[in-house]
Amino acid sequence: MSVLSEFDFSAVRKPVLEAESLPPFCYTDQAFFDREMSRIFRKSWLYVCREEKIPTPGDYFVIDMLGMSVIMTRSEEGKVNAFHNLCSLRGAHMLDGSGNARMIRCPYHSWCYDTNGRLVRAPDMEKTGNFDHVKNGLQ
């Protein structure tokens, strides 16, 4: 049985001016972390930044959160997009940090995506039967 199931959280759940702090194990216990992730962070939208952080078409930044790497981009049309920082072909990590790029290129097989996540170029895939560029965009 984990510490999480044995602890009485009633003192923590009191009104703010009467409540106690979380016990120290909450900051190190894997079961507490997993529960917090599933019940709080993976249930709703999360704030990443203000859109002014990527003001110009082609601007991007990468954020690592909830165990995932996410690319935030500003498209040529001005739309803000978020994509997994993984190439559709083999899941290679594509970008780090921030900058400006008209294309997102996978360093492994050179697949290229535009800032809307559409697959624009997939070298050698023209030889593959029934390959669909639309189905292989970023997600």
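The values are calculated or read from the model by the stated rules, or taken from the named source; none is laboratory data. These figures come from a predicted structure and were not determined experimentally. Backbone-built Cβ (ideal geometry, glycine too); neighbour counts: all protein chains shown. In case anyone asks, the SASA skips ligands and DNA or RNA and just uses the protein heavy atoms, side chains included. Shrake-Rupley method; radii C 1.70, N 1.55, O 1.52, S 1.80 Å.
Descriptive notes on the structure:
One line per residue, one yes/no per condition, for (1) in a strand (DSSP E or B); (2) hydroxyl-bearing (Ser, Thr, Tyr); (3) at pLDDT below 90; (4) more than 13 Å from the chain's Cα centre (by Cα):
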site	(1), (2), (3), (4)
GLU36	no, no, yes, yes
ARG39	no, no, yes, yes
TYR47	no, yes, yes, no
PRO57	no, no, no, yes
LEU95	no, no, no, no
GLY99	yes, no, no, yes
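- Criterion violated by LEU66 - all others in (1) under 13 Å from the mean Cα position of the chain (by Cα); (2) modelled with pLDDT of 90 or more satisfied: (2)
- Contact annotation: residue pairs with Cβ atoms under 8 Å, 6 or more positions apart or on different chains, pairing a residue in segment 93-111 that is free of Cβ contacts under 8 Å to residues at least 12 places away in the same chain with a partner that is of a type outside the set (Ser, Thr, Tyr), are ARG105/MET94; ARG105/TRP111; ARG105/CYS112.
- For segment 63-81, the candidate set comprises residues that are part of a strand (DSSP E or B) and closer than 15 Å to ARG102 by Cα; within that set, the residue that is most open to solvent (accessible area, probe 1.4 Å) is VAL80.
- Looking only at residues of segment 103-139 that are under 28 Å from GLY78 (Cα atoms) and among the charged types (D, E, K, R), we find that the one that is modelled with the lowest pLDDT is ASP132.
- Taking every residue in segment 112-139 that is closer than 29 Å to SER98 by Cα and in contact (Cβ under 8 Å) with a residue 40 or more places away in the chain and pairing it with any residue that is part of a loop (DSSP other than H, G, I, E, B) and among the polar types (S, T, N, Q), at least 6 positions away or on another chain, the pairs with Cβ-Cβ distances below 6 Å are THR115/SER75; ASN116/SER75; ASN136/SER88.
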